[in-house]
Structure formats: structure tokens, C-alpha cells
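The values are calculated or read from the model by the stated rules, or taken from the named source; none is laboratory data. From a predicted model like this one, the values you see are computed outputs, not experimental measurements. Glycine gets a Cβ as well: all are built from the backbone with ideal geometry, and neighbour counts include every protein chain shown. These area figures cover heavy atoms from the full protein model, side chains too; ligands, DNA and RNA do not enter into them. Shrake-Rupley method; radii C 1.70, N 1.55, O 1.52, S 1.80 Å.
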Amino acid sequence: RTQAAKILVASRAKSATIEQALVALVAQEKDADVLANVVSFIDSYRSDKIAQALLIHLKGHPDKMVRAYSAAALGTYRYGAAKAALIGALKDPESWVRLMSVGALKKLKAREALPHIRPLLNDDNPRVRERAAETVRALGE
């Protein structure tokens, strides 16, 4: 399933059939490893329907890697609800999710997220602290 998705994304073809297949895979895949792999490269296929599925995963998937890769992918989308969901993910109990969410907000140039990013300057994880500091600097403070 991962390889099939890679082929579809790599083809760069845009069609309702390809979009439907990718949306179904992202929305319905039960195997967390397959889903994490697919989500890790799905960002190159722009689709609001895929963005909606990524938002759902970011907000509540039980696997931290699926949430983290969903955050990273959303950082490349210009999808309206992405910033709010990424700000919410800054409070995820898993540091990897917080790290990827901060990075995504930086890519989105989400200055409105600064009040939510600043507390991560004191995060338990040094990588999260470093990414938060980079993001605060990049966003102009």
C-alpha cells in the first residue's frame, strides 16, 4: 500500500481517481506503520481532502508518528484549519509531535502562533526547545 501511494504521488498526475485513492488510504488505513510512511511523503500531493484527513490524524490518532508526520505535512499546505490544529498540537504529550508542529508553523509563517510557541522554549526536550527558539527568531522576535 505504501509503494502504491508513492507511485501515485510520484506520478504528479492530478485526477479525481488518484485523489480519491490517496484520500481513502490516508483516511482509512488501519496499519499505523503504513499510514505513517504514507503521510511522511503525501505532502507533495496538494488536496483539501487529504489535508482534512491529516487534520483528523493530527488531532487524535493514537500513533505518535502518524500525528508527527501529519503535522509536518500540514506545514506544506495552505489549508485554513491547519494553523489552529498545529497550535493545538504544541501541547501533545509526545515531543516528536511538538517538534514537527513547531516546524510546520514556522513553514507556514504563523506569527499568530508565537504566544503558543514561546512556552516550548522551556520544553523538557532539547530538540523542541531548539526548534521553538529557531521559530521565534524566524517569525521576527
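Starting from the Cα-Cα distance between Arg127 and Asp33, subtract it from 0.36 nm times their residue separation and give me the gain in nm to one decimal.
Stretched fully, the Arg127-Asp33 segment lengthens by 31.5 nm.
So, by mean Cβ neighbours within 10 angstrom, what's the order for 56-63, 133-140 with the highest one leading?
56-63, 133-140
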Rounded to the nearest Å, the spacing of the alpha-carbon centers of the range 45-63 and the range 82-141 is 19 Å
With respect to the cross-link table entries Lys6/Lys91; Lys59/Lys107; Lys83/Lys106; Lys14/Lys106; Lys6/Lys49, which display a Cα-Cα separation exceeding 22 Å? Lys6/Lys91; Lys14/Lys106
At 7 Å along the Cα-to-beta-carbon direction for both Glu94 and Ile7, put a label point, then send me their distance in nm to one decimal. 2.9 nm
Given a 1.4 angstrom probe, I'd like the percentage of the accessible area of the chain that is carbon and sulfur, rounded to a whole number. 52 percent
Evaluate the distance, in nm, between pseudo-label points positioned 7 Å from the Cα of Phe41 and of Thr17 along their respective Cα→Cβ axes. 2.1 nm
As a check on your grasp of the helix formula, calculate [θ] at 222 nm for the chain: sum -39500 (n - 2.57) over DSSP H runs of n ≥ 4, divide by the residue count, round to the nearest 500. -20000 deg cm²/dmol
Residues of the range 50-127: accessible area per residue at 1.4 Å, in Å²? 47 Å²
When Lys and Arg each count +1 and Asp and Glu each count -1, what net charge do the other residues less than 15 Å away from Leu35, Cβ to Cβ, add up to? +1
Determine, for each peptide in 64-70, 43-49, the mean count of other beta carbons within 10 angstrom over its residues, then list the peptides with the highest first. 64-70, 43-49
